[in-house]
Amino acid sequence: MILSTDFLLSLIIVALILGTSAELVDMQESRLSEEFREGHVNQKAAAAADILVSTPGDPPSWEKIPVSACKSPGLAVPGERGTISYEKFRKLQSRPELLGRAFQGMRVQLVLRPINSSIRPLVAGENISGDEISVMRIPVNCNFLSGHVIKLQKAVCPCGHPENWTCMNFRFNSSLDYYLISDSPEGSWMLDTGNSHIDEVDLIYGSVKLNLTGEGVAWLHVHGGGWVSVVALPRGSRDYLMSPDYFRVQPCVLEVITAPF
């Protein structure tokens, strides 16, 4: 009877040990499975983010065509490595469903944070919360509105201004609105088209609309000042007018926030 009791007790102890071991194995397998799933999701998100940032999309001008014709969005400016397109990002803001074509099976939000604190961050996509969020931070450049800056041609000044003046010319036409952009209130400027003339006036920080009509060549004469240029925007697009910083390529950090459905 004593042997039977000892034997029974041993069986109970062995059963407890085996049960505990099995539970620990299940927990370990579950943890490994969860780590594998999380790693797979993160790899998938990282690959999608790399394609989004490094390619212009399919087709490359997807932001200018109907949404139904966009196979996959991309943010890269063609031919400018490491630079993303402000226009493409704005399209994703207005049509966030396009992000689903780049990040399939995931919820996603993009936050473009300029290093220059005078430019506000831009957000595209949905707000994401939960326990399975992945955040990637990718250093990029953004062209913002720099593509609208006109290349001014320096030449011998027809007005005979001395060396402390910078005299440049550019062609204009009636299909666009033209603005003088300056990042400094120090200095002055003049404008001459042959048919019209603006006498010397002080520079201001920001933008001044140039009332150019018809087509021809305009001469811009700048005395002193900081960065001064001319931008050409679609007619009636005063909503585009921002601080001078928006008309330069700016370093940014693109936050890619994802979570599985």
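Measuring nothing but how far apart in sequence close Cα pairs (under 8 Å, 6+ apart) lie, relative to its length, segment 46-173 scores a relative contact order of 18 percent. With springs only between Cα atoms under 10 Å apart, run a GNM on the chain and tell me which of SER237, SER182, SER207 wobbles the most. Looking only at SER237, SER182, SER207, the largest GNM fluctuation is found for SER237. I want the local charge near ASN169. Using Cβ-Cβ distances under 13 Å, sum +1 for each Lys or Arg and -1 for each Asp or Glu among the other residues. Residues near ASN169 contribute +2 overall.
If you plug the beta carbon distance of VAL156 and TYR205 into 1/(1 + (r/R0)^6) with R0 = 41 Å, you get a FRET efficiency near 0.85.
Taking 26 Å as the limit for the C-alpha separation, the pairs LYS44/LYS88; LYS64/LYS154; LYS71/LYS91; LYS44/LYS91 exceed it in the case of LYS64/LYS154.
Contact order normalised by length for the chain, with contacts defined as Cα pairs under 8 Å and 6 or more residues apart; what percent is it? Averaging sequence separation for qualifying contacts and normalising by length gives 21 percent for the chain. Highest mean first, the peptides 90-97, 46-53, 152-159, 70-77 sorted by other C-beta atoms within 10 Å per residue fall in the order 70-77, 46-53, 90-97, 152-159. How much area per residue is accessible in the chain when the probe is 1.4 Å and only protein heavy atoms are counted (Å²)? Counting only protein heavy atoms, the per-residue value for the chain is 58 Å². Between segment 159-231 and segment 111-126, the alpha-carbon centres lie 31 Å apart. Taking every DSSP helix (H) stretch of at least 4 residues in the chain, weighting each as -39,500 (n - 2.57) and dividing the sum by the residue count yields a mean residue ellipticity at 222 nm of -9000 deg cm²/dmol. For the pair LEU176 and ASP50, a Förster radius of 45 Å applied to the C-beta separation gives a FRET efficiency near 0.80, rounded to the nearest 0.05. Considering only alpha-carbon pairs that sit under 8 angstrom and 6 or more positions apart, the relative contact order computed for segment 148-241 is 39 percent.
Length gained on full extension, SER188 to GLU163: 7.6 nm, using 0.36 nm per residue less the C-alpha separation. With an a/c value of 1.5 or above and a/b not larger than b/c for the gyration tensor axes a ≥ b ≥ c computed over the alpha-carbon atoms, segment 148-241 is described as oblate. Of the accessible area of the chain, computed with a 1.4 Å probe over protein heavy atoms only, carbon and sulfur atoms account for 54 percent.
Taking GLU163, GLU200, GLU87 in turn, the Gaussian network model of the chain (Cα-Cα springs below 10 Å) assigns the largest fluctuation to GLU163. Of all the options SER243, SER129, SER68, the one that moves most in a Gaussian network model of the chain with Cα springs shorter than 10 angstrom is SER68. With everything on Cα atoms, drop me the angle between helix 2-54 and the longest principal axis of the chain, reported from 0 to 90° to the nearest 10. Long axis of 2-54 versus the principal axis of the chain: about 10 degrees.
The values are calculated or read from the model by the stated rules, or taken from the named source; none is laboratory data. Note that the structure is a prediction, hence the values are computed from the model and not measured. Every residue, glycine among them, receives a Cβ derived from its backbone with ideal geometry; neighbour counts consider all protein chains shown. Only protein heavy atoms, including side chains, enter the accessible area calculation; ligands, DNA and RNA are left aside. Shrake-Rupley method; radii C 1.70, N 1.55, O 1.52, S 1.80 Å.
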